[in-house]
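The values are calculated or read from the model by the stated rules, or taken from the named source; none is laboratory data. This one's a predicted model, so the numbers in the text were calculated from it and none came from an experiment. Cβ coordinates were reconstructed from backbone atoms using ideal geometry, including for glycine residues, and neighbour counts include every protein chain displayed. Surface areas here come from the heavy atoms of the whole protein model, side chains and all, with no ligands, DNA or RNA. Shrake-Rupley method; radii C 1.70, N 1.55, O 1.52, S 1.80 Å.
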Amino acid sequence: MQTFFILAILVLVFVIILQISKASEYVSQIKGYEKARKQSNRINGFMLLGFLIFGLIGVYLCNEWLKGRILGEPASDHGELVDRMLYVTLAVTSVVFVCTQVALFWFAYKYQESDDRKAYYYPHNNRLELIWTVIPAITLTVLVGFGIFYWFKITGPAPKDAMVVEVVGKQFGWEFRYPGADGVLGKKYFKKVDAVNGNPAGQLWEDPANYDDVFVEQEMHLVVGKPVQLVIGAKDVIHDVGLVHFRMKMDAVPGTPTTMWFTPKYTTKEMKEKTGNKDFVYELSCDQMCGKGHWSMRGTIVVETQEEFDAWLASKKPQYLVANPDKDPNAKKDSASAALPMVSVVAQNKIN
Amino acid sequence: MSETLMTTATVAGQATTHHEEHGHHQESFISKYIFSMDHKTIAKQFLITGIVWAIVGGLFSVLFRLQLGYPDRAFPILETFFGQWAKGGQIQPEFYYGLVTMHGTVLVFFVLTAGLSGTFANLLIPLQIGARDMASPFLNMLSYWFFFLASVVMMSSIFVNTGPASGGWTMYPPLSALKQAGDGQKIGTDLWLISMALFIVSSLLGGLNYISTILNMRTKGMSMTRMPLTIWAVFFTAILGVLSFPVLLSGAILLLFDRNLGTSFYLSDIVINGEVLPNEGGSAILYQHLFWFLGHPEVYIILLPAMGMVSEILSVNSRKPIFGYMAMLGSLFAIAVLAFLVWAHHMFVTGLNPFLGSVFVLLTLLIAVPSAIKVFNWLTTLWRGNIRFTPAALFAIGFVSLFISGGLTGIFLGNSTIDIHLHDTMFVVAHFHIVMGVASFFGMYAGVYHWFPKMFGRYLNNTMAYIHFWVTMVGAYLIYWPMHYQGLAGVPRRYLDKSGWVNFNNFRDLDQMITIVTILVFAAQLLFVFNFFYSIYKGRKVRSQNPWGANTLEWTTPVNPGHGNWEGDIPEVHRWPYDYGKDGREFIPQTEPVSANESKH
Ligand code: HEM
Ligand SMILES: [Cu+2]
Ligand SMILES: [Cu+2]
């Protein structure tokens with residue numbers, strides 16, 4: 001009903017516009033086209049000026065309306081660099097924006113057609129043109145300089161003491177692998193992937209580095225203040241590890257591992273206080289179109305203290321033991337959950 | 001001649017079938033309006049096909065904006081029209097992604113490439129350089145019909161059972177390479193690739209023709225530096241297209257092979273829905289290089305013709321020469337060269353080598369310099385003019401405003417440090433819609449309003465034109481300006497419902513506002529379409545040969561030029577096209593010899 005109503009109004013407005021248009025055509029026929037043209041020229045001149053004034057007010061109001069909703073303080077060291085670069089660029093471009101838009105609409109208004117003005121024949125001026133080649137060039141060089149300096153800091157090698165986490169995207173969820181006590185991720189091969197038999201990551205069980213690797217889904221735990229290097233991959237199509245609060249992003253490409261590193265600055269708890277939102281969680285979004293579930297490909301991240309993290313990791317059974325229950329010294333106790341390894345992990349995550 | 005025509009007619013098939021029984025005298029109708037080799041008719045064919053596609057593509061955006069603005073509302077009317085695709089009146093994810101993909105493809109390639117270049121290169125090259133037609137009218141006709149075929153294939157893909165391609169307009173593999181990855185990755189994607197291949201053939205035929213016409217068929221006295229900037233712009237556009245489209249063709253064909261012949265150009269290490277695929281050794285990123293090697297020049301293919309027309313229209317309507325003709329030319333040239341050297345700025349976060357990334361940062365921000373020069377020159381062209389706000393002039397002014405806004409956000413994105421945060425967010429969507437989508441549309445509208453009298457011998461209705469302009473101008477800013485904030489907040493693009501997210505779900509009011517404005521702006525475009533077709537038949541007749549008081553050659557032809565354009569000899573050219581307001585004279589056409597006591601510039 002409402003749809004119908006809206007459509008009816010649209011049609012009505014349409015008809016009215018058509019009638020006005022036809023009528024004004026006749027009017028200008030009677031008045032003389034030249035006169036009608038001059039009149040509409042003045043009206044449009046005023047409208048351009050109005051557009052400038054209301055436009056600039058609108059820009060200000062829009063900022064008041066929405067600025068509180070863009071992310072607050074960045075939650076990683078790299079995020080600070082990104083934000084600083086962003087605000088410097090914002091300052092520079094704002095100045096250019098206001099100057100050029102004002103010039104554009106002001107000139108249009110001021111130099112609208114008038115009987116007592118002749119256009120000024122002004123085909124070129126080499127000095128002016130040189131000035132406005134050189135000034136943007138210098139400004140941009142400065143921005144590029146800062147940008148590349150930060151870029152190398154962010155993309156440079158991770159610190160030696162960084163912890164390593166493997167992140168793998170698939171339609172439509174996230175998988176994580178922790179290297180365990182040895183600090184080394186065991187080898188894997190995609191043809192060994194076999195989720196039903198407890199090997200969703202395709203780990204090669206003959207590699208001893210795999211014995212202590214822990215596999216979890218959907219939720220990643222990180223330690224506050226400790227650099228982390230993510231080793232990123234994908235199983236099926238390209239995904240993208242998007243971490244808005246850390247201002248980090250990296251594609252997850254099947255067949256070509258990628259990496260990124262950063263240092264989380266605040267625990268999840270601290271962020272809850274900072275944002276005043278008790279439901280706050282760090283979210284991991286898939287930022288590369290990956291199929292019909294792309295929009296819901298959500299993971300979460302818990303940033304916590306070292307002790308909390310250690311306790312959490314200790315509560316997880318290495319995937320080697322999940323897949324090979326016969327190797328598990330405590331097999332008897334856990335036999336129920338070991339029979340259904342995937343289900344238990346998923347269930348655990350739901351509870352978290 | 002007409003024999004060749006008829007064979008082509010029979011080969012191309014579909015368009016002629018319903019005329020068959022009319023017999024002999026239909027030939028002339030067919031050769032005049034359908035398989036025409038007159039560049040002016042071909043231009044109109046491109047334009048009208050482009051308009052049809054623009055309506056389709058625009059309608060798609062209205063549909064997916066409904067979903068974005070009202071993710072949990074049901075619109076039963078959608079189910080009536082689209083059945084299972086909008087079950088319960090709600091747009092299903094597969095449908096949403098199909099719509100987005102088709103919207104992007106159609107508007108980027110079919111409207112703003114074919115519809116824009118095809119129309120104005122065809123119309124203006126012979127008319128403005130003083131030629132009777134294109135170098136090869138036959139190839140020119142083929143160019144349109146390949147475009148038509150591409151259109152038929154693309155349109156048919158919308159109606160297949162599993163839906164159209166839905167991998168985004170960039171069609172990245174492995175998503176687009178794997179039939180298992182979703183419904184849109186089935187036959188729809190094959191049709192998409194075939195259609196694009198046909199489209200590329202059309203584009204190459206057209207482009208080669210434009211280049212050779214401009215180089216070889218200029219009238220006496222029309223040296224390269226006496227050409228209007230419109231011609232320079234379509235010239236560089238054609239060169240960009242000829243050099244970059246073949247790369248996309250190879251990318252698309254390799255993708256077809258990967259999909260259908262079991263090759264592994266883009267595929268490696270894939271496990272999909274639990275199924276392990278045998279492919280090893282391919283590179284998914286290779287496709288992105290091939291795509292963006294076209295993709296970035298493509299955005300300038302879309303923009304340059306608009307820039308050219310805006311330059312011309314601003315000059316004519318300020319009654320002043322374009323400021324810095326040589327600088328305009330130089331910056332067009334610089335943009336055309338740099339356009340080939342920045343493609344990887346779309347790939348900063350694909351795992352690209354950071355050093356390589358930094359080189360692309362430098363080259364990308366370099367391209368902002370010629371862009372800035374152009375803006376300053378347009379501003380100076382307006383300065384101390386005597387400006388007439390024809391609808392074309394308003395759209396040209398609007399173009400400059402939008403180009404400034406969108407160019408400045410490019411400076412954020414071109415800086416890889418900031419792009420880490422903004423890549424694939426709504427910020428990018430806002431950036432390219434303003435700078436490319438809306439700005440090029442403004443250039444196109446400016447062109448249509450300005451040259452409609454030449455195309456059809458009538459004027460468009462001014463009142464409707466002004467309403468069209470103001471609604472679109474205000475609407476475009478209302479839609480895209482606040483969208484930047486969503487991007488700054490990190491909201492990813494192509495998210496059809498954000499209610500499951502803690503950090504992205506605080507823009508509901510904004511999304512609704514944008515949706516409502518989208519519908520109004522779409523309605524204003526329909527008003528334009530109405531005006532267009534209405535005025536072809538009912539518009540005020542053009543009585544003066546040169547209604548805008550312009551210098552260029554197209555206004556020396558009869559009001560309704562026939563095949564061959566000029567009735568007598570082609571006029572000779574004696575000066576550049578921008579002698580407006582010189583020595584106290586309103587304008588001095590290019591055909592007027594330079595008199596002895598004229599001042600120099
Ligand atoms: C000042 C000049 C410009 C700079 C520095 C610039 C920079 C960029 C960058 C770095 C991106 C990639 C953003 C990302 O995906 O993260 C981008 C996207 C884009 N730009 Fe620009 N840009 C500029 C002007 C233009 C112009 C003039 C056009 C079109 C005529 C344009 C069209 C596009 C399009 C279509 C995309 C997005 C494609 C997609 O991902 O779907 N840009 N721009
Ligand atoms: Cu994904
Ligand atoms: Cu680009």
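Here are some notes:
- First in region B:279-304 and within 14 Å of chain A (Cβ to nearest Cβ) and over 19 Å from residue A:251 (Cα atoms), second anywhere and open to solvent by 20 Å² or more (accessible area, probe 1.4 Å) and of a type outside the set (Asp, Glu), Cβ under 7 Å, 6 or more apart: B:279/B:264; B:280/B:264
- Residue count for region B:129-142, restricted to those that are open to solvent by less than 10 Å² (accessible area, probe 1.4 Å) and under 21 Å from the mean Cα position of the chain (by Cα): 2.
- Residue among A:4, A:51 that alone is at pLDDT 95 or above and farther than 30 Å from residue B:504 by Cβ: A:51
- The set of residues in region B:495-526 being among the basic types (Lys, Arg) and at the interface with another protein chain (Cβ under 8 Å from one of its Cβ atoms) consists of B:498 alone.
- Scanning region B:324-362 for residues that are polar (S, T, N, Q), buried (at least 16 other Cβ atoms within 10 Å of the Cβ) and either at the interface with chain A (Cβ under 7 Å from one of its Cβ atoms) or more than 13 Å from ligand 1 (Cβ to nearest atom) (or both) returns B:350, B:358.
- Complete set of residues in region B:166-198 that are within 12 Å of chain A (Cβ to nearest Cβ), touching a residue at least 60 places away in the same chain (Cβ under 8 Å) and among the aliphatic types (A, V, I, L, M): B:171, B:177, B:178, B:181
- Flag if residue A:176 is within 14 Å of chain B (Cβ to nearest Cβ), within 16 Å of ligand 2 (Cβ to nearest atom) and modelled with pLDDT of 90 or more: no
- Residue within region A:185-197 that is more than 16 Å from ligand 1 (Cβ to nearest atom), open to solvent by less than 10 Å² (accessible area, probe 1.4 Å) and aliphatic (A, V, I, L, M) present: no
- Qualifying residue in region A:59-80 (condition: under 30 Å from residue B:462 (Cα atoms), open to solvent by 50 Å² or more (accessible area, probe 1.4 Å) and of a type in the set (Val, Ile, Thr)): no
- Residue check: residue B:99 meets all listed conditions (1) in contact with a helix residue (DSSP H, G or I) (Cβ under 7 Å, 6 or more places away or on another chain); (2) farther than 30 Å from residue A:288 by Cβ but one, namely (2).
- The set of residues from region B:363-390 being more than 20 Å from the chain's Cα centre (by Cα), assigned to a helix (DSSP H, G or I) and either away from ligand 1 (no atom under 15 Å from the Cβ) or more than 7 Å from chain A (Cβ to nearest Cβ) (or both) comprises B:363, B:364, B:366, B:370, B:377, B:378, B:379, B:380, B:381, B:382.
- Condition met for residue B:512 (closer than 26 Å to residue B:401 by Cα and either open to solvent by 10 Å² or more (accessible area, probe 1.4 Å) or among the basic types (Lys, Arg) (or both)): yes
- Meeting the requirement of 3 or more residues that are free of Cβ contacts under 8 Å to residues at least 60 places away in the same chain and more than 16 Å from ligand 1 (Cβ to nearest atom), the helices (runs of 4 or more DSSP H) wholly within region B:399-507 are B:462-480.
- Residue ID - farthest from the other protein chains (Cβ to nearest Cβ), chosen from residues in region B:460-494 that are among the aromatic types (Phe, Trp, Tyr) and open to solvent by 10 Å² or more (accessible area, probe 1.4 Å): B:480
- Pair list, Cβ < 7 Å and 6+ apart or interchain, from region B:89-104 residues that are modelled with pLDDT of 90 or more to residues that are of a type in the set (Lys, Arg): B:93/A:292; B:94/A:292; B:97/A:292; B:100/B:494
- Selection of first residues in region A:1-14 that are in a helix (DSSP H, G or I) and of second residues that are β-branched (Val, Ile, Thr), restricted to Cβ pairs under 9 Å at least 6 apart or on distinct chains, gives the following pairs, ordered by first then second residue: A:3/B:77; A:4/B:77; A:6/B:519; A:10/B:519.
- Verdict on residue A:191 being over 30 Å from residue B:371 (Cβ atoms), more than 16 Å from ligand 2 (Cβ to nearest atom), basic (Lys, Arg) and within 13 Å of chain B (Cβ to nearest Cβ): yes
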